[in-house]
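The values are calculated or read from the model by the stated rules, or taken from the named source; none is laboratory data. No experiment lies behind these values; they were computed from the predicted model shown. Here Cβ is always computed from backbone atoms with ideal geometry, including for glycine, and neighbour counts include all displayed protein chains. Keep in mind that these areas ignore ligands, DNA and RNA; they rest on the heavy atoms of the full protein, side chains included. Shrake-Rupley method; radii C 1.70, N 1.55, O 1.52, S 1.80 Å.
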Amino acid sequence: MNPASWRVSLLLSCFMLGLLAPARAADVPFLSGRVVDNAEILQAATRDKIAVMLKVHEQATGNQIAILTVRTLDGEAVEDYAVRVFASWKLGQKGKDNGVLVVVAPQDRKMRIEVGYGLEGTLTDAAASRIIRNVMTPQFKAGDFDKGIADGAAAIVAQLEGKPGVAADTAGESPAQGAKSMHFNEPNLAWPERILLGAFIFGIIGLFTFVGIMTPGVGWFLYVFLIPFWAMFPIIIVGTRGALTLLGIYVVGYPITKLLLARSAWYEKAAQDLKSKGTASVGGFTFTSSGSSSGSSSGGGGFSGGGGSSGGGGSSGSW
């Protein structure tokens, strides 16, 4: 065999050996505790907090939960790696298979919640997916691994203990279930705080309500526009029931008051002034029309474009 043929054969042999060689796999670290932070992305206080929480849960239920962070999976699928780690660490009690493993690989941007057979009925695939999607992923995107992993661990514990509220997702629930899960907490504010915040909120929406009632034409637009504000903002001050009461008073009282005022002489005069003079004074406020009764505005004059056009430029983005 001449030297050229020998070199070609050697290269081909090396190439074939490279194809046949097993792919490099990430190492399975030693199980040194409930939180094994090989990627070094967690603060010491966070590791201790999670470890204590998982220990308390194990003492109460027997379930074993472990957290593992590795910098990279070296190209291995996170599912395969999680299975290898789970098998090596043997999480859960023998015969009960009540273990849970959380794997986070920050460099690969991958994570996995691996669940033992004995807990699959409680920590279902759907529940694990919700925890990853709703609890952990948003924090990881923000670069906060401490909060993402701590909150994810807390959500897993809550799910296993029958308190899945932290990872609830109503997208797949029936209408009856969704209605039960949708609620607003009552305000938890001291009375001085309620008074100050109430003065601010009711001062603003109350002023616009007054302007809407007192102003011809535009008042009906404001009536519809302010309904969402009367529906939501009062909840902070007076709670859900109080907000419903105020909304009912507004929805019924606004049109009745406005229709009664529309029969008064000064209201008719203001409406006539807006049509004929383009301006009217009501309750100390001066209103100016831009040329039609429905285009009235509070304060300055009308507004019109300068004749320019768009060239189609700009920017759009997605996450």
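With the requirement that a residue be in contact (Cβ under 8 Å) with a residue 40 or more places away in the chain and of a type in the set (Val, Ile, Thr), what does region 31-58 give you?
Listed by number, the residues that qualify are 41, 46, 50.
Which of the residues belonging to region 96-131 are among the aliphatic types (A, V, I, L, M) and either out of contact with any strand residue (DSSP E or B) (no Cβ under 8 Å at 6 or more places or on another chain) or open to solvent by 40 Å² or more (accessible area, probe 1.4 Å) (or both)?
Passing the criteria: 111, 126, 127.
Select from region 235-292 the residues that are of a type in the set (Gly, Ala, Ser), at pLDDT 75 or above and not in a helix (DSSP H, G or I) and list them in ascending order.
Once the filter is applied, which keeps residues that are of a type in the set (Gly, Ala, Ser), at pLDDT 75 or above and not in a helix (DSSP H, G or I), region 235-292 yields only 264.
If residue 24 satisfies all but one of (1) in a helix (DSSP H, G or I); (2) at pLDDT below 90, what's the number of the condition it fails?
Unmet condition: (1).
How many residues does region 202-238 contain that are within 27 Å of the chain's Cα centre (by Cα) and exposed (fewer than 15 other Cβ atoms within 10 Å of the Cβ)?
Going through region 202-238 one residue at a time, the tally reaches 4.
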